[in-house]
Structures are given as C-alpha cells and as structure tokens.
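Notes follow the structure.
The values are calculated or read from the model by the stated rules, or taken from the named source; none is laboratory data. A quick note: this is a predicted structure, and the numbers were derived from the prediction, not measured. Cβ placement follows ideal geometry from the backbone for every residue including glycine, while neighbour counts extend to all protein chains displayed. These accessible areas exclude ligands, DNA and RNA; they are computed on the full protein's heavy atoms, side chains included. Shrake-Rupley method; radii C 1.70, N 1.55, O 1.52, S 1.80 Å.
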Amino acid sequence: MKKNKLKQLMRVLILLIIIPSFAFCKNSKQQKRSSSQLTITESFEPDIDISLTAIPAEIQLFEGEKTAIYTYNSELIKGESTSLQQIPNSYLGPIIRVKPQQKIRIRFNNELPDKSIIHWHGLHVPHEMDGHPMYVIKKGDQFIYEFVVNNRPGTYWFHPHPHGKTGYQVYKGLAGLFIVENDQNDLPSGEYEIPLVIQDRIFDSSNQLIYLENNMMDRMVGFLGNEIIINGQSNTSMKVNKATYRFRVLNGSNSRIYKLAWSDGADLTVIGNDGGLLSKPIDKPYMMLGPGERIDVWRNFSSTNSGEQISLKSLAFNSGTIMGMMGSGRGMGGGMMRGRGNMQSNNNPSDSYIDNGDALTLYGFVVSDKQGEAVPLPTELEPIEQFDLSEVVNQNSPRQFNFHFQRMEWLINGKTFEMNEVADWEKVKLNTAELWEFINSGSGRGGMGGMMSMPHPVHIHGLQFQIIERDVSEVPPAVWNTMKDGFIDEGWQDTFLLLPDMRVKVALRFEDFTGIFLYHCHNLEHEDMGMMRNYEVIE
Ligand code: C2O
Ligand code: CU
Ligand code: CU
C-alpha cells in the first residue's frame with residue numbers, strides 16, 4: 001500500500017515534468033501532420049488515386065425494410081478502372097486492386113458521426129500511413145494516404161481503427177479487400193477469382209443490425225452472430241461453372257473463428273495465406289481461420305455434376321472458451337438476442353447467437369452446366385524466402401508477450417492500451433530481426449475469479465512475419481484435437497491464432513520505417529477493450 005502511494009506520487013511528479021515538454025512535442029507533430037496527411041503532396045505522382053468516404057447509408061439487404069449500415073463510398077480519381085471494383089448490393093467497401101511498387105493515394109473522408117481512420121491490414125507502410133488510432137479524424141475531415149505498395153502479391157484488407165470503436169464500425173459494414181496482384185501467374189482469374197469475406201451478424205425482425213448490448217460477459221467473449229453474411233450481401237449461394245476457381249477468403253468477423261471445410265469431404269487446397277502465395281499448394285482436411293486471417297483456396301468444379309451444390313462449411317470444434325465466473329460457455333447473460341430467425345446452425349434456437357465452434361453452413365456453390373476454364377493446379381507457386389534465423393539478435397531469449405486476463409480485463413504483459421505509450425520491452429531497432437514469443441495464459445490456472453480462457457487472434461501491424469514454432473504441449477487436448485490439422489505455419493503472415501495455453505514464436509524483421517506500430521488481439525471486442533499495445537521501431 002505504502003509503496004503504491006509512493007509510486008503514485010512519483011508518477012504525478014514525473015507527469016509534472018513531462019507534460020510541458022510533451023505538449024510541445026505534440027504540437028510539432030501536429031504541424032508535421034497537417035503538411036503531410038491533410039493535404040496532397042504535389043511531388044507525389046500516384047498511379048492510383050481514390051477517394052473513400054465512410055458514410056451511414058441504407059441498403060436493401062433483405063426483403064422488407066432496408067438495413068442501416070456504414071459503408072465506404074468510393075470514386076476512382078486516377079488509375080485503371082480495374083483498380084476499383086464495386087460489389088453490388090453489399091455493405092462492404094470496394095475491392096482495391098493494385099500492383100507491387102505502384103504509388104497509391106487514398107483520400108479518406110469521414111462522414112460518420114464518430115471519429116475514424118483507415119488501417120491497411122497487412123501492408124508494409126510508414127507509421128503515418130498505417131491508420132494508428134492517434135490519427136483519427138472527425139466528421140467532415142479528410143486524411144490523405146500516400147504510399148508505395150511494398151508487399152508481395154496477396155489478399156490484404158482495410159478497415160477502421162479508432163480506439164474503442166473498431167468493433168462497432170467494422171460490424172456496421174466498414175471493411176474492404178485490398179488485393180495486390182501481378183499479372184503473371186497461371187491461377188484462375190477474372191470471373192474465376194472470387195472473394196469470400198466471411199462475417200457473422202444478428203439482424204432484428206425489421207432487418208436492423210444488432211451489436212452487443214451492454215452485457216459484460218458478451219463483451220468479454222466478443223461479438224458472435226447467428227447469421228453468416230458473405231461479401232456483405234444477402235445471397236447464401238452463387239452459381240459456378242464447371243471450372244477451376246481461386247477463392248480469396250477473409251475472416252472479416254469480429255470474433256468468430258471458422259473451421260473451413262468443403263461439404264463433399266474434398267480436401268481444402270490452400271495456395272496462399274496472409275502474405276500471398278505459398279511456395280506449393282497444401283491440401284488440408286480443414287483450415288482454422290481466425291478474425292483478420294486470409295487464405296487463398298483453389299477448387300476444381302469441372303467434373304462436378306450440373307445442379308449439384310457444394311458448400312463451404314465451418315465444422316464444429318472446441319474453441320477452448322471458458323468464462324470461469326459464469327460457469328462454462330455463455331448463455332448465462334440472459335436471452336438478449338432477437339434474431340430474424342434465418343438460422344444456419346443445426347442445434348440452436350432461432351433467438352440466440354451461435355457459439356464459437358458450432359457447426360455452420362457458410363456459402364453454397366451451385367454448379368451450372370456451363371463448361372468453363374479448367375486451369376491445372378501449378379505444383380510450384382511463388383518462392384518464399386526462408387527466414388534466416390542467424391540474423392535474429394535474440395535467438396535464445398525471445399521477447400515474450402503474454403496475452404492474459406486479469407482484474408476483469410484482457411491484457412498484454414499486464415498492460416492495457418495507451419495511445420502514445422511504448423514500454424521499454426516494446427522498443428526494437430530498425431534493420432534488426434527478432435524472435436517474439438506469444439503466450440496465451442488466460443487467467444492462469446486457479447486464478448482469482450476462476451479460470452478465464454479464450455483463443456486470441458494475434459496481429460502485428462506494419463510487417464509480415466514467419467511462424468517459427470507453435471508449442472501446443474500445454475493446450476488442452478480436448479481443444480487441440482478438434483483443430484490440430486487446420487494450421488499452416490508457412491509463408492508470410494500478419495495474424496495467427498493463439499489458442500489457450502499455446503506458445504507461438506515468430507521471426508520478424510524491422511525494415512524501412514521507424515515509428516510506432518500496433519500489435520493486438522484481432523478479436524475486435526478484445527482490441528477495443530485494450531488488448532492492444534504499441535511497439536516502436538527506433539533508428
Ligand atoms: Cu486488422 Cu490493427 O488491424
Ligand atoms: Cu493490421
Ligand atoms: Cu483476444
């Protein structure tokens with residue numbers, strides 16, 4: 001107790017010293033910002049120039065009443081028409097298509113009642129262009145992004161990142177795909193390349209979105225819906241030709257995890273993940289996909305019978321969610337859900353959420369009798385540079401990041417998010433490579449208030465990393481056995497699932513840009529509650 005008082009006194013003293021100089025810093029930063037992000041840089045000649053306006057709107061998603069949503073309206077100011085693709089009748093933003101090394105300008109206008117800012121998930125861009133919540137703009141303001149595409153061809157995405165409001169704004173409809181492509185590969189393209197953004201929602205009986213009510217337990221778990229929405233549209237299936245397809249799958253849900261599989265039992269042929277194509281296709285019986293993660297899936301329908309429907313499903317699994325104080329699982333919160341009743345789960349009443357891990361049908365593919373292009377699956381895709389561990393500076397003592405629960409909060413190493421705070425253990429050097437180890441310890445075994453345990457989709461901004469080791473020895477077998485064949489720890493990634501009691505080591509390299517970047521849990525409710533921190537790349 002005494003110690004705490006002393007600490008507090010010290011803190012006040014330190015603040016008194018720091019505040020004046022900090023205010024000065026902040027001013028100079030503001031100035032720099034107004035010259036570089038609030039106006040166009042004349043010397044920057046973009047290949048693609050787009051305006052994106054976040055705005056409340058209404059769309060005819062279902063029969064009857066229109067649904068109030070948020071969306072990104074877009075306009076191509078400069079560039080090829082293919083660089084901006086609209087999805088008809090969808091709440092999602094456009095698909096932005098760019099090529100490596102292109103110069104991109106995006107003029108973001110905020111017409112929402114709330115503050116907002118856009119983050120380019122997975123892109124390697126400078127600090128000021130990354131959409132850190134410190135850069136939020138208010139209604140009526142504009143933020144100009146100007147950057148060069150540095151990433152490998154792959155499926156990236158964009159979404160809002162205002163602290164405390166990300167979950168709500170994404171839920172209301174703000175998200176879009178950002179595809180980096182080069183034209184030289186032998187994979188299905190054009191009408192044979194299909195985006196699949198998977199989200200779950202709850203609509204009330206007049207077709208309006210229902211987000212979390214103020215039930216503490218539901219927030220702790222994260223939003224779970226009772227209806228699957230693909231690409232922000234109401235269709236539950238699409239027609240396909242007898243042909244080969246490439247599906248770019250994004251889990252754009254707030255907190256739901258999917259165990260993706262084909263309904264006919266065929267293997268899932270995975271050709272890419274977060275950071276682009278794999279070196280070779282990998283066949284999996286199913287794939288786990290946490291919020292924020294992407295995979296590219298190749299599928300051949302050319303010998304499927306006309307009229308047959310093959311669905312993408314999410315198989316049942318045990319997510320390892322334990323909410324100690326309330327007993328196991330949810331449902332004690334008191335029947336809050338008022339669904340429209342378009343249920344896709346097998347064993348749930350129509351007026352509740354569907355639990356994470358329950359079986360679901362996601363989307364159907366109805367095979368037509370039209371013969372389309374059948375492109376053979378390449379045996380080699382895109383070479384992947386193996387991370388050279390000899391350049392790692394902390395090989396034997398990785399930085400440790402403990403994702404855990406304490407004092408009714410989801411925390412990282414005991415800390416919650418502070419806008420400008422970077423702890424000593426969050427500072428790294430430019431042009432070095434490191435090992436980071438992520439540990440999911442929940443509330444620890446037998447902690448006060450009982451056991452709290454959940455999977456966390458861990459995401460790091462500003463770069464792509466490689467998973468070096470996934471230690472599952474402590475993961476409860478009842479959980480692990482239901483998911484163990486659904487991971488690909490290859491290639492470049494920016495988000496991965498950290499299951500209860502799992503330890504994952506990743507290798508990362510800090511290149512090109514100094515400054516503050518985020519890392520956080522991509523369960524958007526966890527993120528909004530503060531399971532997010534800054535790391536800083538220092539010269
Ligand atoms: Cu898609 Cu900070 O995240
Ligand atoms: Cu991100
Ligand atoms: Cu989390």
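Looking at the stretch 509-524 only, could you name the residues that are surrounded by 20 or more Cβ atoms within 10 Å (Cβ to Cβ) and either away from ligand 2 (no atom under 14 Å from the Cβ) or not in a strand (DSSP E or B) (or both)?
Phe510, His522, Asn523, Leu524
Give all pairs with beta carbons closer than 6 Å in which a residue from the stretch 450-464 that is within 28 Å of Glu128 (Cβ to Cβ) meets a residue that is open to solvent by 10 Å² or more (accessible area, probe 1.4 Å) and away from ligand 3 (no atom under 16 Å from the Cβ); count only pairs at least 6 apart in sequence or on separate chains.
Sorted first by the residue in the stretch 450-464, then by its partner, the pairs are Leu463/His124; Gln464/Trp492.
Using the structure shown, decide if Arg201 is among the basic types (Lys, Arg) and closer than 23 Å to Met287 by Cα.
Details: among the basic types (Lys, Arg): yes; closer than 23 Å to Met287 by Cα: yes.
In short, yes.
Could you check the stretch 343-387 and list, in sequence order, the residues that are open to solvent by 50 Å² or more (accessible area, probe 1.4 Å), over 30 Å from Glu490 (Cα atoms) and at pLDDT below 95?
Asn346, Asn347, Pro349, Ser350, Asp351
For the structure I just gave you, tell me whether His163 is outside any loop (DSSP other than H, G, I, E, B), at negative phi and not polar (S, T, N, Q).
Judged against the criteria, His163 is not a match.
Answer yes if at least one residue in the stretch 474-492 is within 16 Å of ligand 2 (Cβ to nearest atom), within 27 Å of Tyr156 (Cα to Cα) and in contact with a strand residue (DSSP E or B) (Cβ under 7 Å, 6 or more places away or on another chain), and no otherwise.
yes
Yes/no per residue for (1) in contact with a Leu (Cβ under 9 Å, 6 or more places away or on another chain); (2) open to solvent by 30 Å² or more (accessible area, probe 1.4 Å):
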{"position": "Thr166", "(1), (2)": "yes, no"}
{"position": "Gln169", "(1), (2)": "yes, no"}
{"position": "Leu174", "(1), (2)": "yes, no"}
{"position": "Ser189", "(1), (2)": "no, yes"}
{"position": "Tyr192", "(1), (2)": "no, no"}
{"position": "Val197", "(1), (2)": "yes, no"}
{"position": "Arg201", "(1), (2)": "yes, no"}
{"position": "Met220", "(1), (2)": "no, no"}
{"position": "Phe223", "(1), (2)": "yes, no"}
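Does any residue in the stretch 368-387 that is under 12 Å from Leu278 (Cβ atoms) and aliphatic (A, V, I, L, M) come within less than 7 Å, Cβ to Cβ, of a residue that is at pLDDT 95 or above and open to solvent by 100 Å² or more (accessible area, probe 1.4 Å) six or more places away or on a different chain, and which pairs are these?
Leu381/Lys280
So that you can scan it fast, the table gives a plain yes or no per residue for (1) within 28 Å of Asn150 (Cα to Cα); (2) crowded, with 22+ Cβ neighbours inside 10 Å:
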| residue | (1), (2) |
| --- | --- |
| Met419 | yes, no |
| Ala433 | yes, no |
| Ser441 | no, no |
| Gly444 | no, no |
| Val458 | yes, yes |
| Ala478 | no, no |
| Lys484 | no, no |
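Which residue pairs have Cβ atoms under 7 Å apart, sit 6 or more places apart or on different chains, and have a first residue in the stretch 524-535 that is closer than 16 Å to Glu421 by Cβ and a second that is of a type in the set (D, E, K, R) and modelled with pLDDT of 95 or more?
Qualifying pairs under 7 Å: Arg533/Lys415; Arg533/Glu426; Asn534/Glu421; Asn534/Glu426; Tyr535/Glu426.
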